[in-house]
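Written out below as structure tokens is the structure these notes cover.
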Amino acid sequence: MSPVWYRVHRVRRETHDVVTLELTPPEGAPPCSPEPGQFNMLYVFGTGEVPISISSLPSDRGELVHTVRGVGAVTNKLIALQRGDVVGVRGPFGRPWPVGELRGRDVVVVTGGIGLAPLRPVLQHLLAHRKTFGHVSLLYGARTPYDLLYRNELLAWRDSREIDVEWTVDRSSGVWNGNVGVVTRLISRATFDPERVTAFVCGPEIMIKYAIEALRNRGMATSNCYVSMERNMKCAVGFCGHCQYGPTFMCKDGPVFRFDHIEPLFQIREL
Amino acid sequence: MTQIPTSKPSIVDTLRKHQVFEGISPDCLEAFAATAHHVSLQPREVLIQEGAPAEEFLLIDSGRIAIEIFVQGRGHVSIETLGPGELVGWSWLVEPHRWHFDAIAVTPSDLIAFPAAAARELLASNHECGYGLLSRFLPQIVQRLRATRMQLLDFYTLEQ
């Protein structure tokens with residue numbers, strides 16, 4: 001599968017090391033219609049290719065939105081791209097969040113750090129079809145107030161009163177008036193019916209571990225918890241084995257998993 | 001800080017709303033409520049001052065309270081925020097009964113305050129009530145200790 005060359009249409013700086021790229025397809029390109037939770041492989045000329053989650057529902061014009069944190073050679077090149085630059089795109093790949101199964105249920109979204117990016121299209125979907133779902137909560141954690149993503153949207157979502165939105169930071173600064181503490185602390189305060197709630201969790205693996213534990217303490221079944229995992233994806237089609245996770249491949253069996261399906265793997269250290 | 005004179009039954013009703021007092025015997029609930037009073041705070045109003053005698057503990061009924069410490073050169077640093085149903089303060093339980101942190105209202109907040117001397121006396125004289133209270137305090141202490149350990153892990157710098 002060859003990359004399609006998309007042009008950077010807009011760059012929005014979210015934090016000191018995170019940017020959101022809006023990419024426009026070339027004329028005549030085959031449509032790319034990713035679902036929430038899927039990812040594309042983004043290719044920077046001469047540097048390499050990395051998997052990046054889709055961070056917005058696709059537009060009618062086929063534009064793609066990706067939020068990237070600069071942590072390595074390729075991602076640091078990605079966050080330095082300017083309007084008009086070209087990037088290669090392969091995808092979409094992977095299993096999406098099961099948003100089709102949420103009808104009539106409460107939904108709790110627990111996320112931390114850059115993990116909000118793959119869940120943003122889920123929240124957009126929930127808001128676009130709000131009456132279809134029960135109580136919806138977004139619980140979001142970041143390291144500091146300066147690391148919060150999509151600030152304007154967070155405020156708009158909260159002010160809409162369509163969903164409960166709570167965010168917290170691990171480390172505060174003098175002017176911070178919000179919550180302080182790890183995101184898992186928000187779970188015990190959130191409103192949802194444990195019998196009819198589905199949880200979507202995305203963030204660092206250690207955060208996922210404690211979030212699942214907190215959800216379980218609220219009486220939730222892990223069969224109603226979905227998590228998005230991350231490994232070193234290369235080919236993205238299950239051939240190369242770089243992203244093997246026990247008997248599964250992250251790229252084609254994930255990145256979204258029902259937690260009880262991978263729970264035994266979660267217990268294995270260094271896997 | 002405003003102390004609102006309130007009839008005892010309303011304090012008992014307030015306590016019953018919160019999970020932390022779930023399952024405690026009615027007699028013990030009445031005994032704790034007997035000396036308790038409502039407290040209302042406005043944003044940035046100080047509830048607890050580091051170094052002061054720990055003369056009460058509190059249950060948050062509504063609002064948000066920040067636990068802060070003053071760091072020279074950095075000013076007030078918020079360590080964690082607490083919400084409804086959470087207890088504020090356990091220095092009243094441990095010698096020398098002095099607060100180790102500041103507690104400040106972040107939003108308009110309503111709390112129930114329990115005088116420490118009466119609570120300590122009740123714990124010493126009525127072991128059923130004492131056990132009932134401490135077995136409800138301990139999970140919150142453990143939960144907050146675990147949360148602090150998670151904060152030390154610095155989740156988000158581990159992201160690659």
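The values are calculated or read from the model by the stated rules, or taken from the named source; none is laboratory data. On a predicted model such as this, the values are computed, not experimentally measured, just so you know. All Cβ positions, even for glycine, are placed from backbone atoms using ideal geometry, and neighbour counts span all protein chains on display.
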Open item on the list: Name the residue that is modelled with the highest pLDDT, counting only residues in the range B:1-26 that are of a type in the set (Ser, Thr, Tyr), within 27 Å of A:Ser188 (Cβ to Cβ) and not in a loop (DSSP other than H, G, I, E, B).
Closed with: B:Thr14
Task: Residues of the range A:191-207 that turn out to be over 20 Å from A:Ile114 (Cα atoms), in a loop (DSSP other than H, G, I, E, B) and within 18 Å of the chain's Cα centre (by Cα), as a count - done: 0
- [ ] Name every residue in the range A:156-190 that is more than 7 Å from chain B (Cβ to nearest Cβ), modelled with pLDDT of 90 or more, closer than 20 Å to B:Ile60 by Cβ and assigned to a loop (DSSP other than H, G, I, E, B), in order of residue number.
- [x] A:Gly178, A:Val183, A:Ala190
Open item on the list: Looking for something out of contact with any helix residue (DSSP H, G or I) (no Cβ under 8 Å at 6 or more places or on another chain), surrounded by fewer than 18 Cβ atoms within 10 Å (Cβ to Cβ) and more than 23 Å from B:Met150 (Cα to Cα) - is there at least one such residue anywhere in the range B:82-93?
Closed with: no
Task: Scan of the range B:66-81 for residues that are surrounded by fewer than 20 Cβ atoms within 10 Å (Cβ to Cβ) and more than 8 Å from chain A (Cβ to nearest Cβ), ordered by number - done: B:Ile69, B:Phe70, B:Val71, B:Gln72, B:Gly73
Task: strands (runs of 3 or more DSSP E) enclosed by the range A:30-98 - at least 3 residues per element that are touching a strand residue (DSSP E or B) at 6+ places or on another chain (Cβ under 8 Å) and within 14 Å of chain B (Cβ to nearest Cβ) - done: A:48-53, A:64-69
Task: Which listed residue is more than 14 Å from chain B (Cβ to nearest Cβ), in contact (Cβ under 8 Å) with a residue 60 or more places away in the chain and either surrounded by fewer than 20 Cβ atoms within 10 Å (Cβ to Cβ) or closer than 23 Å to A:Arg218 by Cβ (or both), from A:Leu102, A:Leu116, A:Leu123, A:Leu138 - done: A:Leu102
Open item on the list: Can you report the number of residues in the range A:117-146 which are hydrophobic (A, V, I, L, M, F, W, C), closer than 19 Å to A:Ser160 by Cα and assigned to a helix (DSSP H, G or I)?
Closed with: 6
Open item on the list: Here are the criteria: (1) over 22 Å from B:Gly85 (Cβ atoms); (2) more than 10 Å from chain B (Cβ to nearest Cβ); (3) of a type outside the set (A, V, I, L, M); (4) out of contact with any Cys (no Cβ under 7 Å at 6 or more places or on another chain). Tell me which single one A:Glu230 does not satisfy.
Closed with: (2)
Task: Of all residues making up the range A:141-155, the number that are facing chain B (nearest Cβ under 8 Å) and surrounded by fewer than 23 Cβ atoms within 10 Å (Cβ to Cβ) - done: 2
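A quick yes/no check of all residues on (1) over 30 Å from A:Gly134 (Cα atoms); (2) buried (at least 20 other Cβ atoms within 10 Å of the Cβ):
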{"residue": "A:Ser2", "(1), (2)": "yes, no"}
{"residue": "A:Pro30", "(1), (2)": "yes, no"}
{"residue": "A:Gly37", "(1), (2)": "no, yes"}
{"residue": "A:Val50", "(1), (2)": "yes, yes"}
